[in-house]
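Chemist: Before we start, here is the structure in question, set down as structure tokens.
The values are calculated or read from the model by the stated rules, or taken from the named source; none is laboratory data. Note that the structure is predicted; figures quoted are calculated from it, not measured. FYI the Cβ positions are ideal-geometry reconstructions off the backbone, even for glycines, and counts take in every protein chain you see. Side chains included, ligands, DNA and RNA excluded: accessible areas come from the protein's heavy atoms. Shrake-Rupley method; radii C 1.70, N 1.55, O 1.52, S 1.80 Å.
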Amino acid sequence: MKFNIRTNGRPVDVACVERALLAVDPAAMIDLDGLNGVLRVSTYLDGAGLQGLVTDAGFSVPLGDVELLPSDCCGGCSG
């Protein structure tokens, strides 16, 4: 699943969050879109799990700032 996590202009230690995320989901991806103030995350975690992980990693974020993005799967690979 893909998520955008609003940072609301607050600084975030992306490397710290990335380490915590990769510890539970080695295939996850994360980056910071500084222009739009969002962390972009791809993971198998659900929104609540991701919110808890990010908060535990030192970036306290309310669940309302974790936005699940619509799927962009075309179904072509049967996955």
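Chemist: Relative contact order for the chain using alpha-carbon pairs under 8 Å, separation at least 6, rounded to a whole percent? Don't jump to the answer; show the numbers that get you there.
Modeler: On the way: 110 pairs, mean separation 33.0, N = 79.
Averaging sequence separation for qualifying contacts and normalising by length gives 42 percent for the chain.
Chemist: ³J(HN,Hα) across segment 58-75 via Karplus (A = 6.51, B = -1.76, C = 1.60, θ = phi - 60°), whole Hz, x for Gly/Pro?
Modeler: Residue by residue, segment 58-75 yields x, 10, 5, 9, x, 4, x, 8, 9, 9, 6, 8, x, 5, 10, 6, 8, x Hz.
Chemist: Just to confirm the number: angle between the C-alpha axis of helix 14-24 and the first principal axis of the chain, 0 to 90 degrees, nearest 10?
Modeler: 50
Chemist: Quote to one decimal, in nm, the extra length available between LEU35 and THR55 on full extension: 0.36 nm per residue of separation minus the C-alpha distance between them.
Modeler: The span from LEU35 to THR55 would gain 5.0 nm if fully extended.
Chemist: Taking the Cα-to-Cβ direction at CYS77 and at LEU63 and moving 7 Å from each Cα, how far apart do the two end points lie in nm?
Modeler: 3.1
Chemist: Measure nothing fancy, just the Cα-based angle from helix 47-56's long axis to the longest principal axis of the chain, in degrees from 0 to 90, nearest 10.
Modeler: 30
Chemist: Round to a whole number: what % of the accessible area of the chain belongs to carbon and sulfur, probe 1.4 Å? Write out the running numbers ahead of the final one.
Modeler: Working: 2720 of 4750 Å².
That share works out to 57 percent.
Chemist: Something else: Keeping every protein chain present and rolling a 1.4 Å probe, give me the accessible area per residue for the chain in Å². Working shown, then result.
Modeler: On the way: 4750 Å² over 79 residues.
For the chain, the solvent-accessible area averages 60 Å² per residue.
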